[in-house]
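Worksheet for the structure shown next.
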Amino acid sequence: MISPAMRTIAVVNMKGGVGKTTTAVHVAAGLAARGRRVLLVDADPQGNVGHALRVHPERTLKDLMLGEATVEAVTVRGVRPGLDVIASTPAAFSLEVQLAGAVQRETLLARRLRTLEGYDDVVVDSSPAMNLLTYNALLCAGEAIVPVGMDWLAIVGARQTLDGLREIRDLWPDHGLQVTAVLPTAVHTGTNAARAAFEAIERDPEMGGRLWRPGIRQCIDLRYATAAHQTIWEYAPGSRAAEDYAAFVEHLAGRPREQEVADGEVQKEQAVL
Ligand SMILES: Nc1ncnc2c1ncn2[C@@H]1O[C@H](COP(=O)(O)OP(=O)(O)OP(=O)(O)O)[C@@H](O)[C@H]1O
Ligand SMILES: [Mg+2]
């Protein structure tokens, strides 16, 4: 965890193409639009956050991780009102090798971000894999959002991701990472396939309790919005996805932080990393 004063949310699923980046961008932009000060960090070397918001700085996450640039130097300010971004590029793929011998390399990002000030929320996008950067994303965060596709293999992927999160809780027992929401994406409302997928998620003892219904409906405008480097609220404010992501952000914003709920735990969490 970076700091108990900030809400830190990692968006994770080891399955690819399930809406992680779309969710990370819209959660970050949505919280910023509600007047919160938000930092969106791309912990995926695909660099899709930068492509989605047209942010292509010279200094990126890789420089921060390697200690070659400060947080201030890698942060792009004012991408939207209240929204700053730390971008990534494929150069970050080599971090796995470059940091092979580094001590406590899984908590490197959390330690690099420890001096962060002035934000209410930090949202971290991650790769479709449980790799070093994903561990770093999760060990920055107090909460995880797991977007889940509405087909069988996507549900298997979400299940595997939750197993991975349990492993992290076992390895870092004091970290206290919580799953805030299992978020269905690209839902074909009213189809048998969607009904079957919801049933399968609800049957799962861990996923069922965290499922956020009705999820984000299938909406082609999300693809066009990404291509136009806009959020869905900018590109198609009247669309289904604009409505669904607004409702999801509202749900998140209304949820009290774990730290606020468990005041006494704050000092313990602070001491972990
Ligand atoms: N609700 C939706 N309806 C329609 N298309 C969607 C929806 N959510 C996401 N998409 C589209 O699906 C594609 C994959 O989404 P996204 O890039 O967010 O997934 P990802 O999990 O981040 O992928 P990766 O694992 O490669 O990082 C994108 O083209 C995106 O616009
Ligand atoms: Mg992505």
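The values are calculated or read from the model by the stated rules, or taken from the named source; none is laboratory data. The shown structure was predicted, so the numbers you read here are calculated from the model rather than taken from an experiment. Here the Cβ positions follow ideal geometry from the backbone for every residue, glycine too, while neighbour counts run over all protein chains shown.
Of the residues contained in region 184-203, one or more are found to be in a strand (DSSP E or B), crowded, with 19+ Cβ neighbours inside 10 Å and over 19 Å from the mean Cα position of the chain (by Cα). I'd like to check something: does region 130-137 contain any residue that is touching a residue at least 24 places away in the same chain (Cβ under 8 Å), of a type in the set (Gly, Ala, Ser) and in contact with a Ser or Thr (Cβ under 6 Å, 6 or more places away or on another chain)? Checking region 130-137: at least one residue is touching a residue at least 24 places away in the same chain (Cβ under 8 Å), of a type in the set (Gly, Ala, Ser) and in contact with a Ser or Thr (Cβ under 6 Å, 6 or more places away or on another chain). On the stretch given as region 203-258, residues that are closer than 21 Å to ALA158 by Cα, within 12 Å of ligand 1 (Cβ to nearest atom) and acidic (Asp, Glu) total 1.
Which one of ALA33, ALA73, ALA24, ALA29 is among the small types (Gly, Ala, Ser), closer than 21 Å to ALA225 by Cα and away from ligand 2 (no atom under 16 Å from the Cβ)?
ALA33
Residues to consider are VAL41, VAL18; find the one that is closer than 25 Å to ASP163 by Cα and under 10 Å from the mean Cα position of the chain (by Cα).
Testing whether each residue is closer than 25 Å to ASP163 by Cα and under 10 Å from the mean Cα position of the chain (by Cα) leaves just VAL41.
Being acidic (Asp, Glu), within 16 Å of ligand 1 (Cβ to nearest atom) and surrounded by fewer than 24 Cβ atoms within 10 Å (Cβ to Cβ) is the requirement here; does ASP151 meet it? It is true that ASP151 is acidic (Asp, Glu), within 16 Å of ligand 1 (Cβ to nearest atom) and surrounded by fewer than 24 Cβ atoms within 10 Å (Cβ to Cβ).
Residue pairs whose Cβ atoms lie under 7 Å apart, separated by 6 or more positions or on different chains, with the first residue in region 32-50 and over 20 Å from THR60 (Cα atoms) and the second hydrophobic (A, V, I, L, M, F, W, C) and away from ligand 1 (no atom under 16 Å from the Cβ), are ALA32/VAL38; ALA32/LEU83; ARG34/ALA253. For THR22, are the conditions met, namely being more than 16 Å from ligand 1 (Cβ to nearest atom), crowded, with 23+ Cβ neighbours inside 10 Å and of a type in the set (Ser, Thr, Tyr)? In short, no. What about ALA193, is it at pLDDT below 95 and within 18 Å of ARG240 (Cβ to Cβ)? It is true that ALA193 is at pLDDT below 95 and within 18 Å of ARG240 (Cβ to Cβ).
Restricting attention to region 40-73, the residues that are more than 15 Å from ligand 1 (Cβ to nearest atom) and touching a Leu at 6+ places or on another chain (Cβ under 7 Å) add up to 3. If you filter region 154-183 down to residues that are surrounded by fewer than 18 Cβ atoms within 10 Å (Cβ to Cβ), over 18 Å from GLY208 (Cα atoms) and not hydrophobic (A, V, I, L, M, F, W, C), you find that the one that is nearest to ligand 1 (Cβ to nearest atom) is GLU167. Applying a threshold of 8 Å to beta carbon distances and a minimum spacing of six or more residues, or different chains, the list of pairs starting in region 222-238 at a residue that is surrounded by fewer than 17 Cβ atoms within 10 Å (Cβ to Cβ) and ending at one that is part of a loop (DSSP other than H, G, I, E, B) reads TYR224/ALA236; HIS229/ARG54. Meeting the requirement of 2 or more residues that are under 19 Å from GLY142 (Cα atoms) and either out of contact with any strand residue (DSSP E or B) (no Cβ under 6 Å at 6 or more places or on another chain) or among the aliphatic types (A, V, I, L, M) (or both), the helices (runs of 4 or more DSSP H) wholly within region 71-116 are 108-112. The set of residues in region 2-49 being in contact with a Cys (Cβ under 7 Å, 6 or more places away or on another chain), part of a loop (DSSP other than H, G, I, E, B) and not β-branched (Val, Ile, Thr) is empty. Which one of HIS51, HIS56 is within 13 Å of ligand 2 (Cβ to nearest atom), surrounded by fewer than 23 Cβ atoms within 10 Å (Cβ to Cβ) and over 20 Å from ALA181 (Cα atoms)? From the options HIS51, HIS56, the qualifying one is HIS51. From the list GLY82, GLY78, GLY16, exactly one residue is surrounded by fewer than 16 Cβ atoms within 10 Å (Cβ to Cβ) and away from ligand 2 (no atom under 16 Å from the Cβ). Which is it? Step by step, each of GLY82, GLY78, GLY16 is checked, and only GLY78 is surrounded by fewer than 16 Cβ atoms within 10 Å (Cβ to Cβ) and away from ligand 2 (no atom under 16 Å from the Cβ).
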